[in-house]
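Heads up: the structure comes next, in structure tokens.
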Amino acid sequence: MFDHQEELDQYLKNIEALIKNKQYARLRDLFLPMEPADIALLLEEAGEEEMPLLYRLLPKELAAEVFVELESDSQEMLINGFSNTELKEVLDELYLDDAVDIVEEMPASVVIRILDKATPEMRKSINEILQYPEDSAGSIMNMEFLSLKKDMTVEDAFKRIRRIGGELETINILYVTDPTRHLLGVLSVRDLLLAEEDDLIQDIMDPNVVSVNTMDDKEDAAQALSKYDFLAMPVVDKEQRLVGIVTVDDAMDVIEEETTEDFEKMAAMLPSDKPYLKSGIFATWRARLPWLMVLMLSATFTGMILNHYESALAACLVLNSYIPMLSGTGGNSGTQASVAVIRALSLDEVDFSDIFQVLWKELRVSLLCGVCLAGANFVKMQLVDRLLLGNAAVTPTVCLVVCLTILFVVVFAKCVGCSLPILAEKIGLDPAVMASPFISTIVDATSLLIYFRFASWFLL
């Protein structure tokens, strides 16, 4: 891992010098102690011209691990430059779930070539996984796992591990199935090591197995892995037959992907599947424009409200100066509540049945926040606006109108901010959509209505 940019730059200078002097053996030795992710970063930074040369210097197994860590554009570029033999060597070293991920990212012409060079078993498994919905647990599972029979002895189990374990991504967790592949139990290699050689698997396995279904949401599967601190989660079909496993590295990828998607939605952007610097200008434009258009048009309601209360503004011009503060305070209050609830929803801490508890909590919090903000603003308006700045229009009545508005706006914003994400999830929408921009637009319009209602009562 490169702790500083200077360290990365130094490595790149060394690589450039070694390539220039054609010292390929030293280049190979430079890569051998490194982690695949770090090598992939160096290859990406070295550029497209040097990447094929550097990649071909890697040993076969390490090359496959590095290939998985590369960005999809780099993978496609390398595949297009591979001979058929090189492509087959890479595919033979890939784990099934990694091969599926690569196939999903590649254009059709590259996919055809990959499937043509894959083994019949891999090709069949890839096609099976690709049939599952994109957001399902089945789409990210690995169909290569180690299963045992309940009547095996511990000695038999170790023989099986030694025979086929080297071909599998993980052998830390073992699954016990019957002849029809129904999941009966689970145990770890640690359990085997601590047992006697003649103990039966059925006597040391745990029959209470937590599993997910192939059609469950992949985010739910990732959260289950995190919740139970598993290294792998078994995936079963409708008949409770074991068909694959979701490993912790795949779960981390899912969580990162979903978190990024939520952040983009909360910022009023359509989700993107590419890194920022590799997203094209027009792709970024398409992702941002739709919500900007919706929010812009919805914000016209604010203008309509201002026009409707034009006479009130003309009668007391000082009211104008506090509109940005009121809108900002309301938007910030709503955002705080919505982000907290969206996080709670994503962690399964709350659901629709908890909506009244959430509302009751946010109502009390908003009253405390509103009173404090209103009190602080009253003091500021009297000391700064009226006395220090000498603005005689800032009367106690104007202060009362502004401060009452702050109190009611904060209460309204927090109640809206906490309830909209829960309601969105209930009707099947992504709660992240009901975040900052959307809530701010609602609160802006409502805060003006509350503001001018108080102004008409107290000032006109």
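Can you work out which of the residues in region 189-201 that are surrounded by 16 or more Cβ atoms within 10 Å (Cβ to Cβ) and not hydrophobic (A, V, I, L, M, F, W, C) is nearest to Gly138 (Cα to Cα)? Taking the candidates together, the pick is Asp191. Looking across region 26-37, the residues that are open to solvent by 70 Å² or more (accessible area, probe 1.4 Å) and either of a type in the set (A, V, I, L, M, F, W, C) or closer than 11 Å to Leu57 by Cα (or both) come down to Arg26, Arg28, Asp29, Leu32. The set of residues from region 101-156 being in contact (Cβ under 8 Å) with a residue 40 or more places away in the chain, part of a helix (DSSP H, G or I) and among the small types (Gly, Ala, Ser) comprises Ala137, Gly138, Ser139. Would you point out the residue of region 154-187, among those that are hydroxyl-bearing (Ser, Thr, Tyr) and open to solvent by less than 30 Å² (accessible area, probe 1.4 Å), that is farthest from Thr214 (Cα to Cα)? If we take residues in region 154-187 being hydroxyl-bearing (Ser, Thr, Tyr) and open to solvent by less than 30 Å² (accessible area, probe 1.4 Å), then Thr170 is farthest from Thr214 (Cα to Cα). Elements of the type strands (runs of 3 or more DSSP E) sitting completely within region 172-249 and holding at least 1 residues that are of a type in the set (Phe, Trp, Tyr): these cover 173-177. In a residue-by-residue description of region 210-230, the property of being within 22 Å of Val100 (Cα to Cα) and open to solvent by 70 Å² or more (accessible area, probe 1.4 Å) applies to at least one position. Would you confirm whether any residue within region 357-367 is open to solvent by 20 Å² or more (accessible area, probe 1.4 Å) and either in contact with a Gly (Cβ under 9 Å, 6 or more places away or on another chain) or within 18 Å of Ala455 (Cβ to Cβ) (or both)? So far as region 357-367 goes, yes, one or more of its residues are open to solvent by 20 Å² or more (accessible area, probe 1.4 Å) and either in contact with a Gly (Cβ under 9 Å, 6 or more places away or on another chain) or within 18 Å of Ala455 (Cβ to Cβ) (or both).
Against the criterion of being within 30 Å of Asn332 (Cα to Cα), β-branched (Val, Ile, Thr) and at pLDDT 70 or above, Ile255 qualifies. Among the residues of region 82-97, not a single one is in contact (Cβ under 8 Å) with a residue 40 or more places away in the chain, outside any helix (DSSP H, G or I), of a type outside the set (Phe, Trp, Tyr) and in contact with an Asp or Glu (Cβ under 7 Å, 6 or more places away or on another chain). Would you mind finding the one in Val358, Val401, Val379 that is in contact (Cβ under 8 Å) with a residue 40 or more places away in the chain, farther than 20 Å from Ala337 by Cβ and either of a type in the set (A, V, I, L, M) or not in a helix (DSSP H, G or I) (or both)? Of Val358, Val401, Val379, the one residue that is in contact (Cβ under 8 Å) with a residue 40 or more places away in the chain, farther than 20 Å from Ala337 by Cβ and either of a type in the set (A, V, I, L, M) or not in a helix (DSSP H, G or I) (or both) is Val401.
Has region 289-297 got at least one residue that is out of contact with any Gly (no Cβ under 6 Å at 6 or more places or on another chain), within 30 Å of Leu404 (Cα to Cα) and either modelled with pLDDT of 75 or more or open to solvent by less than 40 Å² (accessible area, probe 1.4 Å) (or both)? Yes, that holds for at least one residue.
The values are calculated or read from the model by the stated rules, or taken from the named source; none is laboratory data. All values reported here derive from a predicted model rather than from experimental measurement. Virtual Cβ from ideal backbone geometry, glycine too; neighbours counted across all protein chains shown. Side chains included, ligands, DNA and RNA excluded: accessible areas come from the protein's heavy atoms. Shrake-Rupley method; radii C 1.70, N 1.55, O 1.52, S 1.80 Å.
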